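What follows is a short report on a single structure.
Bear in mind that the values in this text are calculations on the coordinates, not laboratory data. Source: prediction; values computed, not measured. Every residue, glycine among them, receives a Cβ derived from its backbone with ideal geometry; neighbour counts consider all protein chains shown.
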Amino acid sequence: MTAPSSPQDRVVLAEYVASAETEKQFPPPTLAEIAFLGRSNVGKSSLMNRLMERSGLVRTSNTPGCTRKVSWFRARAQDSAELFLVDLPGYGYARRSKAERSEWSRLIEDYLTTRPSLRVAAILLDVRRDPEEEERDLREFLTTQSSASRPPLSLLFVATKLDKIPKNAQKPRLTALSEKLGQRVFGFSAETGEGRVPLWRAIRTGAGVGPLPSPSSEA
Ligand SMILES: Nc1nc2c(ncn2[C@@H]2O[C@H](COP(=O)(O)OP(=O)(O)OP(=O)(O)O)[C@@H](O)[C@H]2O)c(=O)[nH]1
Ligand SMILES: [Mg+2]
């Protein structure tokens, strides 16, 4: 496991804030936020737990479609930077009725297009899968649906479950995925913690709460 190396990387507080099934239940947009998107079972909730260094804070499950609500978590780094991390229901594969599915996608689309404090969208895909139309569609949707009330979103791609492929295959696989998508793909393992620090820093930068220029906050 990669140990966090500096205060900016260490999460000293992580807590559940709220869950919502309708827009009215969204918490006030008081902090820059990052949304985690990807198919059911790709590892969104596990990645969030690992990012916040709190196992079990975000509910994970073997049952695809377990996450049914939009849930907000607050994370504070040791240098006092704060962010909301937002767990979204997985798209595709969810064992729900068609009517229920479209209701869910409406909630997510509303959230993604109108949330004024949303700064970063992380699109997750299993490292063993090639990007499909779903991921490309999502990127297209997120880049074209600009909201007048906020800066353009920063989009990050993350290949999850890196531990599922052999060590010597990891780097070439990430390079191949980056070439397919035409942008950097971060590798991540919730199992080992591999890739946590580079992803955390990219999130902070994208959210506009990047590391402070001076290291004087070193504890
Ligand atoms: N080996 C390995 N397993 C993982 C990793 N990340 C997640 N998993 C497993 O994959 C399954 C799904 O993980 P979740 O984090 O619940 O996935 P999710 O994307 O939140 O799923 P939904 O909430 O249903 O959309 C669980 O059994 C996890 O333990 C990883 O990095 N490595
Ligand atoms: Mg989940």
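Remarks
- Taking amide H as placed 1.01 Å from N in the peptide plane, the amide H of Ser154 sits under 5 Å from that of Val120, Ala121, each at least 5 places away or on another chain.
- Long-range amide H partners of Ser40 with built H, under 5 Å: Tyr91, Ala94
- Rounded to whole Hz, the Karplus (6.51, -1.76, 1.60) HN-Hα couplings of the stretch 175-184, x for glycine and proline: 5, 4, 5, 4, 5, 4, 9, x, 7, 4
- Highest-first packing order for the peptide set 41-54, 147-160 is 41-54, 147-160, based on the mean count of other beta carbon atoms within 10 Å.
- Computed over the stretch 7-211: relative contact order in percent, which uses C-alpha pairs under 8 Å that are six or more apart: 24
- Peptide ranges 188-197, 19-28, 131-140 listed from the most packed, as the mean C-beta count within 10 angstrom indicates: 188-197, 131-140, 19-28
- The stretch 7-211: antiparallel DSSP beta bridges as a percent of all, rounded to 5: 40
- Placing a label point 7 Å from the Cα of Arg184 along the Cα-to-Cβ line, the residues of the stretch 122-144 whose backbone N sits under 17 Å from it are 122-125.
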